[in-house]
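Novice: So that we are looking at the same thing, I have put the structure below in structure tokens.
The values are calculated or read from the model by the stated rules, or taken from the named source; none is laboratory data. These figures come from a predicted structure and were not determined experimentally. Every residue, glycine as well, gets a Cβ built from its backbone with ideal geometry; the counts of neighbours run over all protein chains shown. Please note that ligands, DNA and RNA were not included when accessible areas were found on the heavy atoms of the full protein model with its side chains. Shrake-Rupley method; radii C 1.70, N 1.55, O 1.52, S 1.80 Å.
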Amino acid sequence: MSSILSAENITVEFGGLVAVNDVSFDIPEKGIVSLIGPNGAGKTTFFNILTGLYKPTSGHVMYDGQEITALVPHKIAAAGVARTFQNIRLFGSMTAEENVMVAMHSHLKASLATTILGLPSQRREERAAHEEARALLEFVGIGKTAGEFARNLSYGDQRRLEVARALALRPKVLLLDEPTAGMNPQESSVFVDFVHRIRDEKGISILLIEHDMAVVMKVSERITVLDRGEKIAEGSPAEIKANPRVIEAYLGKGVGAGH
Amino acid sequence: MAISFLKRGEKKQKQSASARKWAISLTLIALAIWAFFTYFFDKTPDAVQSWFQVWLPPSTINESLVWVICALGLNIVVGYAGLLDLGFVAFWAFGGYTAGWFMSGFFHQVNIHFGSMSAKVIPGIHLSFWLVMIIAALIAGFFGIIIGAPTLRLKSDYLALVTLGFGEIIPQVFTNGENIGGFNLSNGTKGISPIDAIGVFGKRLGPFDLGWKFLIYFFLAACMVFVSLRIRGGRLGRAWLAIREDELAASMMGVPLMRTKLTAYAVGAFSGGIGGAVYATHVNGIFAERFNFSISIILLAMVVLGGMGNVWGVIIGALLMAWINATGLPAIGDTFNNTFHTAINFPSYNFLLFGGILVLMMLFKRDGILPEARLKMISHENDDEAANTGGH
């Protein structure tokens with residue numbers, strides 16, 4: 001399988017601190033892959049590299065055959081790399097529908113003048129955008145909340161709204177940063193099906209950062225493990241489960257040796 | 001699915017219906033005020049007339065509308081895009097001086113007339129009020145972009161500082177602009193006056209045609225409302241609000257930060273320019289010392305007091321504070337002094353009052369008199385209930 005988004009030999013240094021050290025990583029087309037590791041392993045830093053928020057000290061990020069390492073975040077997003085946030089970052093005082101429509105910014109063509117004049121082309125475009133936003137809210141299962149303020153939604157609905165908003169970018173890759181944080185086991189298992197639906201129905205490749213091992217093992221086709229900025233393992237869920245270095249990273253040396 | 005589509009349709013209608021209700025009521029009130037002052041005022045008893053002269057003179061009403069125009073412009077920058085601008089007076093000054101340059105005998109070396117009602121023999125540049133308005137808006141907008149381009153990269157606190165400086169520098173340039181390499185840019189502290197009368201429908205509006213000016217100012221304020229609402233409802237308005245809410249998340253959703261912020265700043269400056277030109281026709285002249293820091297702060301207070309981001313709230317805030325500033329405080333002070341035989345200079349306390357209002361608002365009613373959210377809640381009430389009972 002060819003890869004849609006790949007990071008090659010990424011190194012990130014903050015001052016003297018090496019946050020990510022020479023990590024290479026692929027997201028195969030229409031694949032579901034996970035990035036795991038203990039706290040402080042550099043997962044979110046790596047995410048921020050992929051979305052252009054940080055620039056790597058060295059290394060390249062390739063998306064759909066093009067180098068995007070130096071692009072500004074909004075261009076990377078518009079090109080089709082969408083993300084959600086570990087701590088939900090919705091536009092609180094905007095409605096759910098408006099939140100989704102913000103992410104359509106790069107697809108819409110309306111200019112200042114056409115908006116003020118309310119030209120037919122602009123109105124048509126707005127109507128289509130409204131419909132698309134509603135369809136996306138239905139897709140993630142919160143169609144009823146379209147007119148509610150994002151900050152008034154329940155926690156679970158906010159998580160779903162973040163996904164709907166990311167999907168409005170019409171992405172080819174979706175990066176989910178700890179999407180099940182704060183969910184109970186039942187909600188988490190619903191989420192696993194949801195991730196599969198996004199991939200199967202929208203044809204989007206997915207990368208997850210996740211702490212819930214049950215979710216990771218169930219949903220991922222491939223797992224990459226980071227520890228202290230280094231890639232220590234990569235493989236199928238079964239391989240990762242059996243990998244002594246991974247067990248060591250998570251549970252400490254003594255336990256790893258005992259197995 | 002079908003149900004939610006239906007609901008959405010209703011909601012949309014309700015929202016625009018609420019805007020229409022506001023627009024119609026305000027227009028009716030304005031027309032009533034106009035009709036009253038134009039046709040009935042002279043026929044009312046002297047007591048009523050003198051009451052109005054003390055508490056609500058026509059010139060204060062007109063001045064309030066000028067403030068409304070500017071406050072709506074600042075609302076785009078502060079209320080929509082969340083960029084704290086403490087130097088809005090600079091754009092007001094640009095607009096005012098544009099009117100000074102192109103609607104008076106100031107440039108007496110030349111004799112250019114275009115669409116103006118003033119006599120052809122008078123030297124100077126005399127352009128039509130409407131044309132000057134556009135030029136003022138373009139000049140202010142142009143400087144808005146020039147100043148915004150480097151400064152909008154700054155984080156909010158620093159942006160506030162830079163705009164603060166800018167709001168001090170521009171009026172200083174005009175105050176001292178009497179002799180810039182031998183060129184008289186602004187006539188210094190003497191100012192430029194008089195400004196040409198506005199010509200409308202072949203009628204020449206002198207300093208005392210307050211009724212007509214009221215209609216013109218009201219028309220311009222209405223245009224500002226229309227433009228604000230249109231932009232707010234579209235692609236750009238959503239991007240502005242998103243930046244106000246969470247800049248980083250907005251950029252991650254494909255919103256180009258610099259360009260979007262710059263547009264907000266330019267549109268705000270544009271309206272500031274219009275406001276400045278209108279103000280020049282209202283006071284019939286340009287005086288450098290009037291363009292001071294307090295104007296920026298009063299405008300900001302209007303936006304905050306009314307409810308950031310909500311045009312109707314900002315209008316109410318602007319009318320209220322403009323009235324207090326121009327008439328309310330002196331009138332209350334005189335009444336108080338006469339009743340209690342004191343000699344307190346009330347108008348000198350207006351900044352204490354405005355500062356106090358701002359602090360109290362921040363403490364007790366941070367969203368302003370008419371917050372945007374509240375208004376929406378009201379117009380969505382039924383839908384929210386439906387969603388709450390049916391959902392979670």
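Novice: Select from region B:230-245 the residues that are free of Cβ contacts under 8 Å to residues at least 24 places away in the same chain and surrounded by fewer than 21 Cβ atoms within 10 Å (Cβ to Cβ) and write down the one among them that is farthest from the other protein chains (Cβ to nearest Cβ).
Specialist: That would be B:233.
Novice: So, in region A:143-159, exactly how many residues are part of a loop (DSSP other than H, G, I, E, B) and within 7 Å of chain B (Cβ to nearest Cβ)?
Specialist: Total meeting the criteria: 4.
Novice: Sticking with this structure for a sec: Among (1) open to solvent by 50 Å² or more (accessible area, probe 1.4 Å); (2) away from chain B (no Cβ under 12 Å), which single condition is residue A:176 missing?
Specialist: With respect to (1) open to solvent by 50 Å² or more (accessible area, probe 1.4 Å); (2) away from chain B (no Cβ under 12 Å), residue A:176 is out only on (1).
Novice: Residue A:166 is checked against (1) at the interface with chain B (Cβ under 10 Å from one of its Cβ atoms); (2) open to solvent by less than 30 Å² (accessible area, probe 1.4 Å); (3) part of a loop (DSSP other than H, G, I, E, B) and fails just one. What number does that condition carry?
Specialist: Every condition holds for residue A:166 apart from (3).
Novice: Inside region A:86-121, can you point out the residues that are facing another protein chain (nearest Cβ under 7 Å) and either surrounded by fewer than 23 Cβ atoms within 10 Å (Cβ to Cβ) or over 20 Å from the mean Cα position of the chain (by Cα) (or both)?
Specialist: Scanning region A:86-121 gives A:89, A:92, A:93, A:94, A:98, A:106, A:108, A:110, A:112, A:115, A:116, A:118.
Novice: Which strands (runs of 3 or more DSSP E) sit wholly inside region A:15-78 and have at least 2 residues that are surrounded by fewer than 20 Cβ atoms within 10 Å (Cβ to Cβ)?
Specialist: A:17-28, A:58-63
Novice: I would also like to ask the following. Does at least one position in region B:335-351 carry a residue that is touching a Pro at 6+ places or on another chain (Cβ under 6 Å), open to solvent by less than 70 Å² (accessible area, probe 1.4 Å) and either within 20 Å of residue A:93 (Cα to Cα) or assigned to a helix (DSSP H, G or I) (or both)?
Specialist: Yes: region B:335-351 contains one or more residues that are touching a Pro at 6+ places or on another chain (Cβ under 6 Å), open to solvent by less than 70 Å² (accessible area, probe 1.4 Å) and either within 20 Å of residue A:93 (Cα to Cα) or assigned to a helix (DSSP H, G or I) (or both).
Novice: A further question follows. Cβ contacts < 6 Å: first residue without any contact (Cβ under 8 Å) to a residue 60 or more places away in the chain and more than 18 Å from residue A:47 (Cβ to Cβ), restricted to region A:185-208; second residue open to solvent by 10 Å² or more (accessible area, probe 1.4 Å) and acidic (Asp, Glu), any location; separation 6+ or different chain. Result?
Specialist: A:188/A:212
Novice: Restricting region B:230-262 to residues that are part of a loop (DSSP other than H, G, I, E, B) and in contact with a strand residue (DSSP E or B) (Cβ under 9 Å, 6 or more places away or on another chain), which is farthest from residue A:90 (Cα to Cα)?
Specialist: B:254
Novice: Also, I was wondering about something else. Any residue at all in region A:188-199 that's within 30 Å of residue B:230 (Cβ to Cβ) and either among the hydroxyl-bearing types (Ser, Thr, Tyr) or part of a helix (DSSP H, G or I) (or both)?
Specialist: Scanning region A:188-199 turns up no residue that is within 30 Å of residue B:230 (Cβ to Cβ) and either among the hydroxyl-bearing types (Ser, Thr, Tyr) or part of a helix (DSSP H, G or I) (or both).
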